[in-house]
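One structure below.
The values are calculated or read from the model by the stated rules, or taken from the named source; none is laboratory data. As the structure is a computational prediction, the values presented were derived from the model and not from experiment. Positions of Cβ are backbone-derived with ideal geometry, glycine not excepted, and every protein chain shown enters the neighbour counts.
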Amino acid sequence: MFKSKRQRRMAGDILTYVVLFTLAGFCLGPMVWMFLTSLKPEADIVTSEMQYIPRHVTFENYVAIWTQSNFPVLITNSLIVTTITVAICVVAGTLAAYAFARLTFRGRNNIMLGYLLVRMFPAVMMIIPLYVMMRTVGLVDSRFGLALAYTSFLLPLFVWMLKGFFDAAPKELESAARIDGSTRLGAMVRIVLPLARNGLVASSVFIAIAAWNEFIFALMLTTGQGSRTWPVGLQLMVGEFQLPWGVLAAGGILSILPVMLLFAIVQRAMVQGLTAGAIKG
């Protein structure tokens, strides 16, 4: 069918772009639809005639969710819980990943396997044990307790990802620093961490996104407005006889803005970290 090598290459490029644009449409389509819905008045949303483009652009849905609900409190709680989760994972996960990558001790592979096994179980299976533990220590319906619950499920992923970047860092530079009198902790901070900086950023962003969007743990471990996060808050806005599509769409758009801002800030470091992990890992 394609006689020359140039024609085959062109056909392959066209097919690649078609697949990429199709996947992009599936990924971006719901977000575009949600954004357009958030700009429609309620009368245009519930009409029997399908309207893809808003006939009357309005921001009343954004005003309603920000002023007539506790959405600002939900966003604040999500920011606090996500920040605590990322901080715990960075501190504890960095030390654990370095230990798995550099130290040799009995049972290292079995412990790492246990870390990975945690990710194999659905989060819903851990709800009851976590709830009993949190209730015993008095951390139910608290932002710190919710952050600990997130950490229990996300820390193994952070350790596994960061260990690959530590393995890729040259051990010779660290050994040279040790010979010059640096401690192991000092060599890790001054030599290994700068080399794995992009990987640390990429792993932290993954943890932040997972904690920001988490729903199951937040639904089961929070009961009051003081600790409830935005995914649970939006779900509870759905009433038995009322479904405010426009307000929910506006809340969804507002909730993804912090994630988009975070990705825009660390985009270069994250892409470099993922590329380095793909090449060396």
Among the helices (runs of 4 or more DSSP H) contained in segment 1-71, which hold 3 or more residues that are surrounded by fewer than 10 Cβ atoms within 10 Å (Cβ to Cβ)?
5-38
Taking the condition in the same structural domain as I216 (by TED's automatic domain parsing), in a loop (DSSP other than H, G, I, E, B) and touching a residue at least 40 places away in the same chain (Cβ under 8 Å), does V124 pass?
no
Is it the case, given these coordinates, that R119 is of a type in the set (D, E, K, R), under 19 Å from the mean Cα position of the chain (by Cα) and more than 30 Å from M237 (Cβ to Cβ)?
yes
Flag if R106 is more than 24 Å from Q225 (Cβ to Cβ) and assigned to a loop (DSSP other than H, G, I, E, B)
yes
Scan segment 100-154 for residues that are closer than 30 Å to S175 by Cβ and either surrounded by fewer than 12 Cβ atoms within 10 Å (Cβ to Cβ) or β-branched (V, I, T) (or both) and jot them down.
L103, T104, F105, R106, G107, N109, N110, I111, L113, G114
Quick one: is I53 under 20 Å from I209 (Cα atoms) and of a type in the set (A, V, I, L, M)?
no
